[in-house]
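To start, the structure itself, in structure tokens.
The values are calculated or read from the model by the stated rules, or taken from the named source; none is laboratory data. What you see is a predicted model, and the numbers here were worked out from it, not measured in a lab. Every residue, glycine as well, gets a Cβ built from its backbone with ideal geometry; the counts of neighbours run over all protein chains shown. All accessible areas refer to the heavy atoms of the entire protein, side chains included, with ligands and DNA or RNA removed. Shrake-Rupley method; radii C 1.70, N 1.55, O 1.52, S 1.80 Å.
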Amino acid sequence: MPANAYKLTLPRDRNTCIVFASPHSGRQYSAAFLSQTVLSEREIRSSEDAFVDVLFAAAPRFGAPLLAAQKPRAYLDLNRASDELDPALVQGVRKPSSNPRISSGLGVVPRVVANGKSIYSGKISRAEVEQRLDEIWQPYHDCLQALLRKNYELFGKSILIDCHSMPHEAISSMKHGRSGCPDVVLGDRFGASADPETVDYIEAALVDAGLSVVRNAPFAGAFVAQHYGRPSRNQHVVQIEIDRSLYMDERTIQPNENFDQLKAILTGVIAELTTIERRNIQLAAE
């Protein structure tokens, strides 16, 4: 496995059925990639879920593995299927059946970043794409699948919390009670990727921490939720999208004055969520 495929932090005592993953927070922008793109170093980072891995860094302290991408989303999107290839970007790819993600330039190797800005001046070779998939995509997903399988063996259940952030403008027009737009969007593909009890539990922990939450709009979950979410097999995936403006300056892509406070809030949420297995054991004993 290439050293930069992902970073996996395991707990000393794995005592929860939850796995946390951050597929879009990678920030290893190689000189070779930066020389390929027509964008500035700040522009190329605009689709990055910056610092999400830092916000959830406490997960191993509470018994849960944390899997984090190292390469950026603009280089390779780990929340896409490996065959979501964009014929407008990748040489030798035939036009696919209708796929809105590919059509909008957001395939497994993205053609654009935020606001539709093109990453490249032309096409890239199929061989280069295959190399990225072999070196980054496949090891990440092999690791993720192994983590979920191990949790099922240990606990009879796996819950993946797929951690993301969203541009404030994506939810700025939404109204959610008196607080205005929501702080967090939970995605369970409208019940297809996780059972209601699991999503209720996660939502309650966030709300109890003072965060406002909505479900599935505008983000219901993409490839990871669709591929790994199997509630009937006791394997659940819930996507968490956090409003970036809560913790960072979206223009400069730097943490803002609220970063440490939100990290502390999310650490408390993690502490609560990771008790789910111990709660289940207690309930079974009663």
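Taken together, the residues in region 223-233 that are surrounded by fewer than 16 Cβ atoms within 10 Å (Cβ to Cβ) and of a type in the set (Ser, Thr, Tyr) amount to 1.
The sole residue among Val207, Val199 that is open to solvent by 40 Å² or more (accessible area, probe 1.4 Å) and of a type in the set (Val, Ile, Thr) is Val207.
Any idea how many residues of region 223-247 are assigned to a loop (DSSP other than H, G, I, E, B) and under 13 Å from the mean Cα position of the chain (by Cα)? Write out each step before concluding.
Restricting attention to region 223-247, the residues satisfying the condition of being assigned to a loop (DSSP other than H, G, I, E, B) are 229, 234, 247.
Retained after the next criterion (residues that are under 13 Å from the mean Cα position of the chain (by Cα)): none.
The total comes to 0.
For region 78-93, enumerate the residues that are in a loop (DSSP other than H, G, I, E, B), surrounded by fewer than 22 Cβ atoms within 10 Å (Cβ to Cβ) and not acidic (Asp, Glu). Write out each step before concluding.
To start, the set of residues in region 78-93 that are in a loop (DSSP other than H, G, I, E, B) comprises 78-89, 91-93.
Filter once more, so that each one left must be surrounded by fewer than 22 Cβ atoms within 10 Å (Cβ to Cβ): 81-84, 87-89, 91-93.
Ala81, Ser82, Pro87, Ala88, Leu89, Gln91, Gly92, Val93 - these are the residues of region 78-93 that are in a loop (DSSP other than H, G, I, E, B), surrounded by fewer than 22 Cβ atoms within 10 Å (Cβ to Cβ) and not acidic (Asp, Glu).
Residues of region 113-147 that are crowded, with 17+ Cβ neighbours inside 10 Å and aromatic (Phe, Trp, Tyr): Trp137, Tyr140. Taking (1) in a loop (DSSP other than H, G, I, E, B); (2) buried (at least 17 other Cβ atoms within 10 Å of the Cβ) in turn, Ile102 satisfies each apart from (1). When Ala220 is tested against (1) of a type in the set (A, V, I, L, M); (2) more than 14 Å from the chain's Cα centre (by Cα); (3) open to solvent by 10 Å² or more (accessible area, probe 1.4 Å), exactly one condition is not met: (2).
Only residues that are within 18 Å of Ala68 (Cβ to Cβ) and of a type in the set (A, V, I, L, M, F, W, C) were counted in region 13-37, giving 4. Selection of strands (runs of 3 or more DSSP E) fully inside region 1-77 by the criterion of at least 1 residues being at pLDDT 95 or above, of a type outside the set (S, T, N, Q) and farther than 20 Å from Val238 by Cβ returns 6-9.
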